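Undergrad: Encoded as structure tokens, here's the structure I'll be asking about.
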Amino acid sequence: MNSRPHDSSLAHVKRFQLNRVAFYGRTLFEYLKMFHLNDIKGLKAYKILDCPTGASSFVAEACNRYGINAIGCDPLFDKDTKVLQKLGEEDIDYVIEKVSNATKLYNWDFYTSLEDLRNYRSLALEKFILDYDETRQRKRYIQAVLPKLPFGDGSFDLVLSGHFLFTYSHKFNFSFISSSIIELLRVSSKEVRIYPLQKSGSEPYERMADLLSILDQHGASCKIVPVKFEFQKGSNEMLLLRHKDR
Ligand SMILES: C[S@@+](CC[C@H](N)C(=O)[O-])C[C@H]1O[C@@H](n2cnc3c(N)ncnc32)[C@H](O)[C@@H]1O
């Protein structure tokens, strides 16, 4: 079962795949939209994990601006600030080049141009780098590699996972994706939100029905929830997981 029918008007649009997992990230404003988080102040009561963070400024902005207890993790968080800055800049160029060759796969109402998109990505990278550099000793950014996370069961009220598991599903097998989601659920006490449900070329993830069935067997109640954000055409839903027994 795919969550929604594939948009047939895109049948002739040239698609692309991201060949490497980009060190790329979004701002808190974009996170609120893509994860359907309407009450930022309400999040103050939550402990949040962003996995993987990439070059997102969500954690930086949530902590510094709103006093939220948020932690970010990524396999690259053992690297120096300068290395991440360089990688972040290169990957903005890499992804924007790919998007520029397939603009029809995207809606241009939120980001109004490629330049606008680049400005958002550069802003996120800038805020992330500043915070990463300042807070390394405070363990706000932790090196971690899915499908295994270095956190105890139920360590976080809310776990967010953006632009990784389904975006790069052409690179990962089903077992990696399902084990990773089960791990995200293990470290959460309330809920896990995953966005988008599409691949990098905007096609829906083809094994969603199998995945939901496995997650159900692992005690997750799963809901596909509409969100008011759709840059990649069709990517206007997130996966919301809760523990059935809580
Ligand atoms: C596109 S970024 C994440 C973006 C961010 N969450 C957002 O939505 O803006 C993808 C990240 O996945 C990380 N990554 C690659 N392999 C991983 C793994 N096995 N476990 C966790 N993260 C991984 C990469 O290092 C990269 O920083």
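Undergrad: Between the DSSP loop rule and a limit of at most 12 other Cβ atoms within 10 Å, which trypsin sites (Lys or Arg not before Pro) in segment 130-204 are left?
TA: Answer by residue number: Lys139.
Undergrad: So for the pair Lys86, Lys190, with labels modelled 7 Å out along Cα→Cβ, what separation do we get in nm?
TA: 4.1
Undergrad: How high is the relative contact order of the chain, in percent, counting Cα pairs under 8 Å that sit 6 or more residues apart? Kindly include the intermediate steps, with their values, before the conclusion.
TA: Working: 440 pairs, mean separation 61.6, N = 246.
Relative contact order of the chain: 25 percent.
Undergrad: Label-point separation (nm) for Val145 and Asp157, each offset 7 Å from Cα along Cα-to-Cβ?
TA: With each label point 7 Å from Cα toward Cβ, the separation is 3.3 nm.
Undergrad: Provide the gained length on full extension for the span Lys104 to Asn119, in nm with one decimal, where the gain is 0.36 nm per separating residue minus the Cα-Cα distance.
TA: So the chain would gain 3.4 nm between Lys104 and Asn119.
Undergrad: At His218 and Lys79, where each label point lies 7 Å from the Cα along Cα→Cβ, what is the point-to-point distance in nanometres?
TA: In this crude label model, His218 to Lys79 measures out at 2.7 nm.
Undergrad: Compute log10 of I(q)/I(0) for the chain with the Debye formula, placing one identical point scatterer on every Cα and leaving out solvent, at q = 0.08, 0.12, 0.13, 0.15 Å⁻¹, to two decimals.
TA: The calculated log intensity ratios at q = 0.08, 0.12, 0.13, 0.15 Å⁻¹ are -0.28, -0.65, -0.78, -1.07.
Any read-out appearing in this document is the output of simple, stated calculations on the displayed coordinates, not a laboratory observation. Keep in mind that this is a model prediction, so the values were computed, not measured. Note: ideal-geometry Cβ built from the backbone for every residue, glycine included; neighbour counts use all protein chains shown.
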